[in-house]
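Questions regarding the structure given below will be posed in turn.
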Amino acid sequence: MAADAVVESLLGAGYDGVEWTMAHADELREPALALACQQDLVSGGEVALATTIGAVERASEAGIELVNVLTGPNLWEAGAGPRDDEEAWGVALRGLEAACRRGEELGVTIGFEPCWGTLAHDAATADRVLDAVPVSVTFDPSHFVMSGDDIPALARRWGERIVHVHLKDAFGRPGIDGEDFIFCLLGEGGVPWPELLDALDEVGYAGGMSVEFEAYRYYEQILGSDPTRAAALAREQVAALLADRGGAPA
């Protein structure tokens, strides 16, 4: 879908901004809250790092102040395998440091997302990144469902460093996506939404919230792989979650 059509569809569904992905890196449009550049810094080598730095530069050119990144390895991508060795950590941390340096030069914030399967996948491993690199946090609570971490407590602990929030739910345990866990419709999984939103209010969070619709079976079997229908459904779910808070998701 072309960028103009994406904007028209999302604004029509009641959203007020877009978290763009690299699929639209050459046609970024307002209203934009962030650019997601989920490169595998562990398995992807110099190409992944160069793509990440390029995303920071592209975001700056487009007036986007936030780029969201991962550490890797991205186990959902071909060629990536589990890693938790010091060499992998060194590569990932150096990559994040380089992204942060370029971001500081250009006035772009780097939001690091702890994510299933990657080096930084739970509270302890995310803290290792945050202790080593001056990076901010893109907070996706769904990943902490699998790790069993206290999600509201993490929001309070990382409060000042959280610059973006993903609205996504999950159910299951660590393992393989679709077998051991699934990303489900908002409210069906293990994210304690009222408690999390209370925690974000307590730390004064006022940044963007983006829906990530990854209930893939529902998307394919019920919604006919129609992104417009998925966006509208997710907006209704978020409206229910935020009904007493006056918020609107990106």
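Ratio of alpha-carbon Rg to the 2.2 N^0.38 Å globular estimate for the chain, to two decimals, please.
Ratio of Cα Rg to 2.2 N^0.38 Å: 0.95.
Also: Taking 8 Å as the Cα distance limit and 6 or more residues as the minimum spacing, I'd like the relative contact order of the chain as a percentage.
15
If you find the alpha carbon centre of the range 196-215 and of the range 165-179, how far apart are they in angstrom?
After rounding, the separation between the Cα centres reads 17 Å.
Viscosity 1.567 mPa s, temperature 4 °C: what is the translational diffusion coefficient of the range 1-129 from Stokes-Einstein with a Kirkwood Rh over Cα pairs, rounded to a whole number of µm²/s?
The Stokes-Einstein estimate is 85 µm²/s.
I'd like the Karplus ³J(HN,Hα) series for the range 40-51: coefficients 6.51, -1.76, 1.60, θ = phi - 60°, whole numbers in Hz, and an x wherever there's a Gly or Pro.
These are the phi-based 3J(HN,Hα) values: 8, 5, 7, 8, x, x, 5, 5, 5, 5, 4, 5 Hz.
For labels at R94 and D244 in the simple 7 Å Cα→Cβ model, what's the distance in nm?
If labels sit at R94 and D244, their model points lie 5.1 nm apart.
Taking neighbour counts of Cβ atoms within 10 Å as a proxy for exposure, in what order, fewest first, do E61, E86, E77 appear?
In increasing order of surrounding Cβ atoms, one gets E86, E61, E77.
Report the label-to-label distance for R217 and E30 in nanometres (one decimal), using points 7 Å from each Cα along the Cα→Cβ vector.
According to this spin-label approximation, the distance is 4.3 nm.
Another question about this same structure. Diagonalise the Cα gyration tensor of the range 36-109 and give the resulting equivalent ellipsoid semi-axes, square root of 5 times each eigenvalue, largest first, whole Å.
23, 12, 8
Further question: So what is the relative contact order of the range 65-189, in percent, for Cα pairs below 8 Å that sit 6 or more residues apart?
21
Multiply the residue separation of D16 and E57 by 0.36 nm, subtract the distance between their alpha-carbon atoms, and state the gained length in nm to one decimal.
Extending this stretch completely gives an extra 12.4 nm.
Bear in mind these aren't lab numbers, they're just calculated from the coordinates by the rules spelled out. In this text the structure is predicted, and so the values were computed from the model without any measurement. Note that each Cβ is placed from the backbone with ideal geometry, even for glycine, and that neighbours are counted across all protein chains shown.
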